[in-house]
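Read-outs throughout are calculated quantities, based only on the coordinates presented, and are distinct from any laboratory measurement. As the structure is a computational prediction, the values presented were derived from the model and not from experiment. Because the Cβ atoms are built from the backbone with ideal geometry, glycine has one as well, and the counts that use them run over all protein chains shown.
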Amino acid sequence: MHSDVLNTVGSFLDWERLLFEKELKLRYIDKNEILLQKGDIAASVFFNLKGLLYQHIQSEEKGHTILDLHLENEWILNHRSFVTQKPADSCISSFTGGLILELSIESIHYLIGRSLSFLQLNKIMDNAVSRVVLFDNALTPEEKYLYILKNRPQLIQEFPLKMIASYLKITPETLSRVREKIIRR
């Protein structure tokens, strides 16, 4: 049933899919529910079936600083905390209510112990660091926005512009100017 999410990371045999199904936990989440709190150790990865999620740092002076935005049919994890098993420096929260699949680190280890095919789950880690492209390439605000338009246009339809601006590490005013400039072309 939910083993189709494995198609996002590789190919698996029927018996492996059944094994995977047994390890998954289906969770309904409420709007603004926190899946990972700052200071907790990330012990699971999530697959978003329905709803919107985001990763953020909360501070009194800046409010929410958005680190990543997550749409439906995406894997979500706090990469650093999950890999190092050290406390997270950010949160994972739901922007809307929804439905997720949760796979614990213990389940991942169990699955890999049963079949090396599950090493393909490492691709989840690759997706978690893909946002680095946006910020390690010293892109201009316009280039960042065009990157989003090309690679993840649904973000613009689903999340408020203030959150997108924070995600792009630009002010909402700069984002408005960039959008206006692109529209005028």
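Quick notes
- Site pair Asp126 and Arg17 shows an inter-label distance of 2.2 nm when each label is modelled 7 Å from Cα along Cα→Cβ.
- Exposure proxy ranking for Lys62, Lys123, based on other Cβ atoms within 10 angstrom of each Cβ and starting from the fewest, stands as Lys62, Lys123.
- Contact order relative to length of the chain, as percent, for alpha carbon pairs under 8 angstrom and 6 or more apart: 24 percent
- Cα-based equivalent ellipsoid of the chain: semi-axis lengths in Å, sorted from largest, via gyration tensor: 31, 18, 15
- For the listed peptides 97-107, 140-150, 42-52, a ranking on the average number of other beta carbons within 10 Å per residue, highest first, reads 42-52, 97-107, 140-150.
- Amide H contacts of Glu33 (H built 1.01 Å from N, under 5 Å, at least 5 apart or other chain): Ser94
- Proximal aspartates and glutamates relative to Lys86, as straight alpha-carbon distance under 18 Å, when same-chain residues fewer than 8 apart are discounted: Asp40, Glu106
- Set of lysines with alpha-carbon distance to Lys181 below 26 Å, sequence-local pairs under 8 removed: Lys144, Lys150, Lys162, Lys169
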